[in-house]
């Protein structure tokens, strides 16, 4: 039978020599060195290095198994020792007792040697070896929480006095014994280290338990948290996995403490908070902790406190009774901060918002009573300061219930203050000062008082004011904000006036506050009222509250004095009286109050009315207002429809003898002459009381003595538009054939009047003026005062010149083109309807292109060329980063591109006739060749005009920045003519010059038609006709100006004028020429026979070669 061999067992890897064995063997080499009085500690240090380097991780046989615990601990021990031998932060902890014990042990090992270098080697290596051993000892209990050791400095600062005395006694006794032995020459050299060893060991023995109690608590709680996480299979196991306690703090009674664990949670604070307290409550209850709360934690980032995203504070206690009392200062700011955290967290649970982190600061100026300044670090996704102050503090219970102190909210949500209102405050917590102690003065401060206590007192008063206002006005009216820093109390003649300004926000008005009974602010006052005080620098409205003591006069004719507080009191009295009598929904403002009398009260009160109230409405209430103000005589002076002046006095003071009562005699002279007022009255321009416009100035114009300049002021109740609408009636009544309003503002307007039209019958062109103007300014005529009228292409880049035959339209167009040539502009002239006969002789040779009669295809080609030129110019100035071609410096533009910088003026004459070239095709059921050709011609022409209009629309809308301006000449062109081409924007982008007597309806803007009709009627000369060249100019800003356009002088004069203008090379627009319309013809019998006799091509390619293009086919 075959021989069966046993299978060979796989060879096992040889086990490495244990690190402990390496350490023992190496360390034993130090014994002979010590015996021969050589340094032994270096061998011990070397043994530690060798053991650390030779330690191997105990890898289990199967990867699924855990390593052997005993071997794992041994591995960690040697690696910890090796890590401690490397430089680390523990090397700098000189305050630890262990830091000095190890070098002292090195000194002990040197007892048998008197050589200094042996001592130095043993001490240095012992210290080094001790750093590694201590590094391992610190992590032996809990590797995540290394022991912090026993501190020498903490012992001397915090240990009981008795322990420090004992330590000093033992150390002194040891030192004394060593001194005696040394004196008797009985002390070995190594006993020098005995005294510090006794000192260090006594500190460890007496204070070690106290100092390490915090660390032990941290380890204990970490173990407990790990147990809870390990035993849990729900949210805690998920959200609290790998939780790491960074600190443990206890507050309150030692027997019943409030424990705060600061824990780093990898899943993040939000995940823990979302899981809620229930995830941990069950485990906490098992440990007797029935109070559980989760809090956020702060982190310092870029010098500011922020909400730490991965840290949570877990608060545990037996019950709420463990929460410390913070109503006294002895509780401390740290305890007050954690209690405040719990108070706001309780509200956070109620409102389901992440609570803020609270920092408390002691700001009490009392030895016992507490005052805590609370500042907040809010979670980005949690409640903000406004929500906390507005909603949380209004809740019942509020945070102050748990803290045991009422909480005051800063007016600007900068902080909260937990303190009894009677507790005095120090200035060390002043939030209105910067770290250097300098006051911060934001614009919205309720007071500029620098002391913190003064600021809080003012804020509390502010809240009281707000509550009183709410009780007076109701919750629908926002209370005004008092400006306490400006409050004044003044002693008058037997009474006291207290004034306090307020700010309030629109849409609330002064009436919303003044119409209520204000006596709750001071029930003993004789008068409490408010009045307007202008507008604050921040745009808010100001008002003044005036409180007069019970001995103050309440009648205006008994109140005398010109001081500011007296005037303010008079203003408040007057406003209260007016408000009682003003019609419903009306509004009145007192703009000024002044004392005009010397020996008697004479009050001048200027009113501004609103919401439909007029001076007449108030005048009807004069008896009631007079009684309410407490005056016997009252005069009303109308200033405008919504403005009037009240003169209030004790008796009538209109006689000449009463002039001495006034401070100024001119006060009695308020009437002015009514030179032309009757004319306006006849024109129907009066207010509701019949008052008419009054003349304030009149005189002949310096440059034209035949023209009068008159200044009018309209009375109250009359709009400034009424004189404009009735100026024709006024001119008739005043026997002035010509007149217009040249300027108007507020309640004042100016007129020029003349017995005949002041325009010149003919105005010759002023070419010197045209040459001296800016390139964008085109003078085209004069106004009624002989001042030049300009076509300003900066604001009105394109122009429409309308006028029937003989109105001067052609001459005006010639003026514009001549000025363009003189300015060096490129000129294009287009008139396919009538051939541009007015430009052939002088402008055609100087033009870039000239499109004449019936050249419709050329019209499209030239306009297309202009559109492409506009696009090229846009690309050019965009390339250099400017927004307009005129802003380009020619020096930086290549010479071959500078032609694009030249302004381009296009004259499109008889534009309305061009648009009328469109036609309609007719039915052709019989397939008549002539009708077919006509229809083809009409379709081609319509398409060409449509394409031209499309290109023109782009040029009109976009050409301004490219330096392209277009002038259209037309018999008449309206918006309706442009509808079929969607030319609304096109037409609105044109300035309009209408010459002659043609109707402005449809040409001018609708809002200007009425004024244009009136103005046109004044343009007629003595014979009743409008002279040639006279008309109206409307800019794109909708301003209308009457104009007498310049006379060009005719083509011969223009030829001489532009003789020196260099003729430019014509533009090449051939590539933009549209194809001509297809034309068809009829074949006769011979043509058919020839076609039939023609050999057909063998292939399609041959057929295509036989096709002959013929435009006539």
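The values are calculated or read from the model by the stated rules, or taken from the named source; none is laboratory data. Keep in mind it's a predicted model, so treat the numbers as computed, not measured. FYI the Cβ positions are ideal-geometry reconstructions off the backbone, even for glycines, and counts take in every protein chain you see.
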Q) Just one of the numbered conditions (1) crowded, with 23+ Cβ neighbours inside 10 Å; (2) not in a strand (DSSP E or B) is not true of residue 358; which one? A) (2)
Q | Qualifying residue in region 260-267 (condition: over 18 Å from residue 283 (Cα atoms) and either free of Cβ contacts under 8 Å to residues at least 12 places away in the same chain or touching a helix residue (DSSP H, G or I) at 6+ places or on another chain (Cβ under 8 Å) (or both)) | A | yes
Q. With respect to the numbered conditions (1) at pLDDT below 90; (2) part of a helix (DSSP H, G or I); (3) surrounded by 13 or more Cβ atoms within 10 Å (Cβ to Cβ); (4) within 57 Å of the chain's Cα centre (by Cα), which one is the sole condition not fulfilled by residue 221?
A. (1)
Q.
Among the residues that make up region 127-141, is at least one of them touching a strand residue (DSSP E or B) at 6+ places or on another chain (Cβ under 7 Å), in contact (Cβ under 8 Å) with a residue 12 or more places away in the chain and in a loop (DSSP other than H, G, I, E, B)?
A. no
Q | Qualifying positions in region 1035-1061 - in contact (Cβ under 8 Å) with a residue 60 or more places away in the chain and assigned to a loop (DSSP other than H, G, I, E, B) | A | 1035, 1036, 1037, 1048, 1049, 1058, 1061
Q: Return yes or no: is residue 233 assigned to a loop (DSSP other than H, G, I, E, B), closer than 27 Å to residue 309 by Cα and at pLDDT below 85?
A: yes
**Q.** Those residues of region 150-159 which are closer than 14 Å to residue 208 by Cβ and either modelled with pLDDT of 90 or more or assigned to a helix (DSSP H, G or I) (or both), in sequence order
**A.** 150, 151, 152, 154, 155, 158
**Q.** Some residue of region 399-411 being at pLDDT below 90, under 22 Å from residue 304 (Cβ atoms), surrounded by fewer than 21 Cβ atoms within 10 Å (Cβ to Cβ) and outside the structural domain of residue 250 (by TED's automatic domain parsing)
**A.** yes
Q: Run down 350, 342 and say which single residue is in a helix (DSSP H, G or I) and surrounded by fewer than 16 Cβ atoms within 10 Å (Cβ to Cβ).
A: 350
Q. In the set 749, 790, which member is in contact (Cβ under 8 Å) with a residue 12 or more places away in the chain, in contact with a helix residue (DSSP H, G or I) (Cβ under 8 Å, 6 or more places away or on another chain) and part of a strand (DSSP E or B)?
A. 749
Q | Filter pass, residue 625 being under 20 Å from residue 554 (Cβ atoms) and in a strand (DSSP E or B) | A | no
(Q) Need the failing condition index for residue 560 against (1) surrounded by fewer than 22 Cβ atoms within 10 Å (Cβ to Cβ); (2) closer than 28 Å to residue 469 by Cα, just the number. (A) (2)
Q. Can you pull out the residues in region 572-592 that are surrounded by fewer than 18 Cβ atoms within 10 Å (Cβ to Cβ) and within 21 Å of residue 558 (Cα to Cα)?
A. 580, 592
Q.
Considering only region 291-312, I want to know if a residue exists there that is modelled with pLDDT of 90 or more, surrounded by fewer than 16 Cβ atoms within 10 Å (Cβ to Cβ) and in a loop (DSSP other than H, G, I, E, B).
A. no
(Q) Condition first: without any contact (Cβ under 8 Å) to a residue 40 or more places away in the chain, surrounded by fewer than 18 Cβ atoms within 10 Å (Cβ to Cβ) and not in a strand (DSSP E or B). Can you find one or more residues in region 593-615 that meet it? (A) yes
Q) What is the number of the single condition among (1) crowded, with 18+ Cβ neighbours inside 10 Å; (2) farther than 24 Å from residue 34 by Cα that residue 100 does not meet? A) (2)
**Q.** The lone exception for residue 193 - which of (1) touching a residue at least 24 places away in the same chain (Cβ under 8 Å); (2) more than 29 Å from residue 216 (Cα to Cα); (3) not in a helix (DSSP H, G or I) it fails
**A.** (3)
Q) Checking residue 753 against (1) farther than 28 Å from residue 816 by Cα; (2) modelled with pLDDT of 80 or more; (3) surrounded by fewer than 15 Cβ atoms within 10 Å (Cβ to Cβ), which test does it fail? A) (3)
Q: Examine region 318-338 for a residue that is touching a helix residue (DSSP H, G or I) at 6+ places or on another chain (Cβ under 7 Å), crowded, with 20+ Cβ neighbours inside 10 Å and assigned to a strand (DSSP E or B), and state whether such a residue exists.
A: no
Q. Quick one: which of 1076, 997 is assigned to a loop (DSSP other than H, G, I, E, B), touching a helix residue (DSSP H, G or I) at 6+ places or on another chain (Cβ under 9 Å), touching a residue at least 24 places away in the same chain (Cβ under 8 Å) and more than 27 Å from residue 783 (Cα to Cα)?
A. 1076
**Q.** Residue satisfying all of: in region 736-750; exposed (fewer than 15 other Cβ atoms within 10 Å of the Cβ) and touching a strand residue (DSSP E or B) at 6+ places or on another chain (Cβ under 9 Å); nearest to residue 814 (Cα to Cα) among these
**A.** 742
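Please state which one of 552, 576 is over 15 Å from residue 602 (Cβ atoms), assigned by TED's automatic domain parsing to the domain that holds residue 530 and assigned to a helix (DSSP H, G or I).
Only one candidate passes the filter, namely 576.
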Q | Of the criteria (1) modelled with pLDDT under 75; (2) in contact with a helix residue (DSSP H, G or I) (Cβ under 9 Å, 6 or more places away or on another chain); (3) in the same structural domain as residue 586 (by TED's automatic domain parsing), which one residue 633 fails | A | (1)
Q: Please state which one of 34, 78, 102 is part of a helix (DSSP H, G or I), in contact (Cβ under 8 Å) with a residue 60 or more places away in the chain and more than 60 Å from the chain's Cα centre (by Cα).
A: 34
Q: Return the total of residues in region 817-862 being more than 12 Å from residue 909 (Cα to Cα), in contact (Cβ under 8 Å) with a residue 60 or more places away in the chain, within 53 Å of the chain's Cα centre (by Cα) and in a helix (DSSP H, G or I).
A: 7
Q: Give the residue that is nearest to residue 838 (Cα to Cα), with candidates limited to residues of region 885-921 that are part of a loop (DSSP other than H, G, I, E, B) and in contact with a strand residue (DSSP E or B) (Cβ under 9 Å, 6 or more places away or on another chain).
A: 909
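Listed here are the residues, each with its yes/no results for (1) touching a residue at least 40 places away in the same chain (Cβ under 8 Å); (2) in contact with a helix residue (DSSP H, G or I) (Cβ under 9 Å, 6 or more places away or on another chain).
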| site | (1), (2) |
| --- | --- |
| 961 | yes, yes |
| 964 | yes, yes |
| 978 | no, yes |
| 992 | yes, no |
| 1010 | yes, yes |
| 1018 | yes, yes |
| 1028 | yes, yes |
